[in-house]
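Working notes for the structure below.
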Amino acid sequence: MTINPSGRLFTQKMEQLVDYVKWKNLSVETEQKLFTYYETKYRGKFFEEESLLSEMNESLRAEISLQNTRMLLERVPFLRRDVGDGRDEIFIGRLAMALRPQYYQGDSGHDMFFILSGKVDVFVGDRKVVSLYDGAYIGEVALITKVLRTASVQAVAPSVLYRLTYMDFHQILDEFADMKTRIDELAKEMENRLQVTAKDPKK
């Protein structure tokens, strides 16, 4: 065989995409977005990743998940667990397995985003407030406090992001009482600061 199975599947996927674009008579701009999305997501290979991971034990799934995400998670101070009770690695592994890849674009909500690669612009309303790059994150307040994030995230270059949802995060916390206590205390501090800011925006 001159091409490996995953590469062959990717080629077939792209051929189907070409036929779909012609059938829908899509604009050149939309066509380029579609091809960029698939190239960013699959990077020349096509795997049924969820199916592959489902056949592995939890230890292997965590190890694989941490390959690309450990650096992202360890950048966030409140996600670090250093108790030394043998469960520190289990905690970060659970977080890694809870991350969901998002390709090209994210949106607003009760979630936290980690940027593995690319560039995203952050908007409040129609106003751009900052650009974020590889290794950055956004949405920690909404993840902790359940306060709806008012900012939206839009990719301005082919990007790979990971999303940690409020529900997944707090389900993990239920298994780690020390981290749940820490996050609850942090949530109270954040909510108090938000209330003060709402009363007096200058503070």
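Can you name the residue in region 137-192 that is in contact (Cβ under 8 Å) with a residue 40 or more places away in the chain and of a type in the set (Gly, Ala, Ser) and is also farthest from Pro101 (Cα to Cα) among such residues?
Ala187
Under 22 Å from Val160 (Cβ atoms) and modelled with pLDDT of 75 or more: is that true of Gln67 in this structure? Before the answer, list the steps.
Numbers: under 22 Å from Val160 (Cβ atoms): yes; modelled with pLDDT of 75 or more: yes.
In short, yes.
Restricting attention to region 93-116, which residues are modelled with pLDDT of 85 or more and in a strand (DSSP E or B)?
Result: Arg100, Met112, Phe113, Phe114, Ile115, Leu116.
What is the residue count in region 80-100 for residues that are surrounded by 18 or more Cβ atoms within 10 Å (Cβ to Cβ) and of a type in the set (Lys, Arg)?
Qualifying residue count for the region: 2.
The values are calculated or read from the model by the stated rules, or taken from the named source; none is laboratory data. Note that the structure is a prediction, hence the values are computed from the model and not measured. Note that we place each Cβ from the backbone using ideal geometry, even for glycine, and neighbour counts take in every protein chain shown.
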